[in-house]
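Just below is one structure, and these are the notes that go with it.
The values are calculated or read from the model by the stated rules, or taken from the named source; none is laboratory data. Please read all numbers here as calculations on a predicted model, not as lab measurements. Methodologically, a virtual Cβ is constructed for each residue, glycine included, from the backbone with ideal geometry; neighbour enumeration extends over all protein chains shown. For accessibility, only protein heavy atoms count, side chains too; no ligands or nucleic acids. Shrake-Rupley method; radii C 1.70, N 1.55, O 1.52, S 1.80 Å.
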Amino acid sequence: MRGSETDGPTAGTRRSTRIHVVSDVHGNVEDLARAGEGADALICLGDLVLFLDYADHSRGIFPALFGRENASRIVALRTARRFEEARALGRELWAGRDRHTEILGAVRRQYAELFAAFPTPTYATYGNVDVPHLWPEYARPGTTVLDGERVEIGGRVFGFVGGGLTSPMNTPYEISDEEYAAKVEALGRVDVLCSHIPPEVPELTYDTVARRFERGSRALLEAIRTTRPRYALFGHVHQPLVRRMRIGYTECVNVGHFASTGTPWALTW
């Protein structure tokens, strides 16, 4: 499988453990339903919702409500970093409409399909475009939601940190640097550090298509340097300048934009 990696010897000792990891699902239900095939568990690093597809402006909640032309206008403004103009266009389009109710209704419809597609077991954390307070309604038995928490899988400790940091994009689950750092600190030492956003490293945070730096976490970077997990796994940046790099002992891996690839990243030990 593309994007797979074997960590350490497995033959002749015990049955190996295989984990599939996805991020930035953005509505790709069909491939998500197959993402756990051949694996002992699936890990999802968030961004289940598809609000606006920057590659195909006809897909997502926004064009369903306002049409492809307006979606293209928003994408062009955001790509040019004209965020205030993008917000002004949004206010104009939403005038006289119940934004909260319409968006939550669309998110609920997506979540109903996406959570139903998760295999058992799945370990998931939130992305910056997710709506955490809705997850308990849709997470079924076999799906464990973790944020600032640890779990043992196949004898290794995985730590999870969900959400994104405050940004001009103003997506649904953005939190302060301080709140995010507290969740990272709560994990302590782990074997695999799982987050939606990358550590704050320019090569890992720059999106070559959107032509901008996304927010990365300094707290994650500091945890990698001090606690030295075997792996740091993340998504968020759809077309990064560098998909993986080593920071000291730790292999940092952007597991890929699952919405477009449909292929999970695999780790076997």
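If a residue must be surrounded by 16 or more Cβ atoms within 10 Å (Cβ to Cβ) and either modelled with pLDDT under 95 or not in a helix (DSSP H, G or I) (or both), how many such residues does the range 199-209 contain?
Residues flagged as surrounded by 16 or more Cβ atoms within 10 Å (Cβ to Cβ) and either modelled with pLDDT under 95 or not in a helix (DSSP H, G or I) (or both) within the range 199-209 amount to 5.
Could you give me the residue pairs with C-beta distances under 7 Å whose first residue belongs to the range 175-193 and is more than 14 Å from Ser217 (Cβ to Cβ) and open to solvent by 40 Å² or more (accessible area, probe 1.4 Å), whose second residue is of a type in the set (Ser, Thr, Tyr) and assigned to a helix (DSSP H, G or I) wherever it lies, and which are 6+ apart or on separate chains?
As it stands, the answer is Arg189/Thr227, since those pairs meet every condition given.
Could you tell me which of the residues Leu89, Leu104 is among the aliphatic types (A, V, I, L, M), under 20 Å from Gly164 (Cα atoms), open to solvent by less than 40 Å² (accessible area, probe 1.4 Å) and not in a loop (DSSP other than H, G, I, E, B)?
Exactly one residue qualifies, and that residue is Leu104.
Does the range 114-124 contain any residue that is in contact with a helix residue (DSSP H, G or I) (Cβ under 9 Å, 6 or more places away or on another chain), modelled with pLDDT of 95 or more and under 18 Å from Asp53 (Cα atoms)?
Yes, that holds for at least one residue.
Quick one: how many residues across the range 45-74 are of a type in the set (A, V, I, L, M) and assigned to a helix (DSSP H, G or I)?
Residues meeting the conditions: 5.
Leu134: under 29 Å from Arg109 (Cα atoms), of a type in the set (A, V, I, L, M) and not in a loop (DSSP other than H, G, I, E, B), yes or no?
Taking the combined requirement at face value, the residue satisfies it.
Looking at Ala223 and the list (1) farther than 16 Å from Thr205 by Cα; (2) without any contact (Cβ under 8 Å) to a residue 40 or more places away in the chain; (3) surrounded by fewer than 24 Cβ atoms within 10 Å (Cβ to Cβ), which single condition is not satisfied?
Just one mismatch for Ala223, condition (3).
When you look at Arg212, is it of a type in the set (Lys, Arg) and free of Cβ contacts under 8 Å to residues at least 60 places away in the same chain, yes or no?
Against the criterion (of a type in the set (Lys, Arg) and free of Cβ contacts under 8 Å to residues at least 60 places away in the same chain), Arg212 does not qualify.
Which of the residues that make up the range 21-80 are of a type in the set (S, T, N, Q), farther than 28 Å from Gly142 by Cα and either touching a strand residue (DSSP E or B) at 6+ places or on another chain (Cβ under 9 Å) or modelled with pLDDT under 90 (or both)?
Across the range 21-80, the qualifying residue is only Thr79.
Applying the selection to the range 210-269, what residues are among the polar types (S, T, N, Q), over 20 Å from Leu42 (Cα atoms) and assigned to a strand (DSSP E or B)?
If the condition is that a residue be among the polar types (S, T, N, Q), over 20 Å from Leu42 (Cα atoms) and assigned to a strand (DSSP E or B), then Ser217, Thr250 are the ones that fit.
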